[in-house]
1. Take Glu43 and Arg2, extend 7 Å from each Cα along the Cα→Cβ direction, and tell me the distance between the two endpoints in nm.
2. Please work out how much accessible surface Asp71 shows to a 1.4 Å probe, ignoring ligands, DNA and RNA, in Å² rounded to 10.
3. Do any trypsin sites (Lys or Arg not before Pro) in region 20-84 lie in a loop, going by DSSP, with at most 16 other beta-carbon atoms within 10 Å of their beta carbon, and if so which?
4. Hey, what's the Kirkwood Rh for the chain if you take every pair of different alpha carbons, in angstrom?
5. Once you have the Cα-Cα distance between Thr36 and Asp117, take 0.36 nm times their residue separation minus that, and quote the gain in nm to one decimal.
6. Where only protein heavy atoms count, and the probe is 1.4 Å, what is the accessible area per residue for the chain in Å²?
7. Using a 1.4 Å probe over the heavy atoms of the protein chains, calculate the carbon and sulfur portion of the accessible area of the chain as a whole percent.
8. Can you give me the C-alpha center-to-center distance between region 80-142 and region 1-68, rounded to a whole angstrom?
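The values are calculated or read from the model by the stated rules, or taken from the named source; none is laboratory data. The model shown is predicted, which means the values in this text are computed figures rather than measured ones. Every residue, glycine as well, gets a Cβ built from its backbone with ideal geometry; the counts of neighbours run over all protein chains shown. The protein model used for the area step is the full one, side chains on, heavy atoms only, and it has no ligands, DNA or RNA in it. Shrake-Rupley method; radii C 1.70, N 1.55, O 1.52, S 1.80 Å.
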Amino acid sequence: MRKRTFARECALKILYRIEISKESVDSSFKDFWSKTAESMDKESHDFAEALVKGACENIKTIDEIISKYTDNWSISRMAVIDRNIMRMSIYEMLYRDDIPPNVSINEAIELAKKYGDVDSGKFVNGILDKIKKTECKKIASR
């Protein structure tokens, strides 16, 4: 498995943990890393933490964007996994210049297929694709 793919999986697990347990980001990091048996290089570890912190720090804006592009779906009705995959991917697309949006979307789809429901991949892809087509263009034009 590629380093960044593994880092995204770790980030998703941490985001899930934060949302379910209501623990702080720092507490979730500490506990997750202490229990993660897999060794992870510093670059991947730092990338995973950057994704979690970025998604959490920008959650209000990211959730507003998700709500804008979902018809008849409130954030609270979405599966926790799907919601956090999209948060992480949108953070990558809108706040990270080092990751092409298509990479973020493809990685999100794979995470959704692996950890989500049967239709999670399609659901995540549809929303992220709409966001890429409009929100990423707004940022590029700034």
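1. 1.3 nm
2. Ignoring ligands and nucleic acids, Asp71 comes out at about 110 Å².
3. Lys22
4. 15.2 Å
5. 26.7 nm
6. Values: 7890 Å² over 142 residues.
So the chain comes to 56 Å² accessible per residue, rounded to a whole number.
7. Numbers: 4080 of 7890 Å².
Result for the chain: 52 percent of the exposed heavy-atom area is carbon or sulfur.
8. After rounding, the separation between the Cα centres reads 15 Å.
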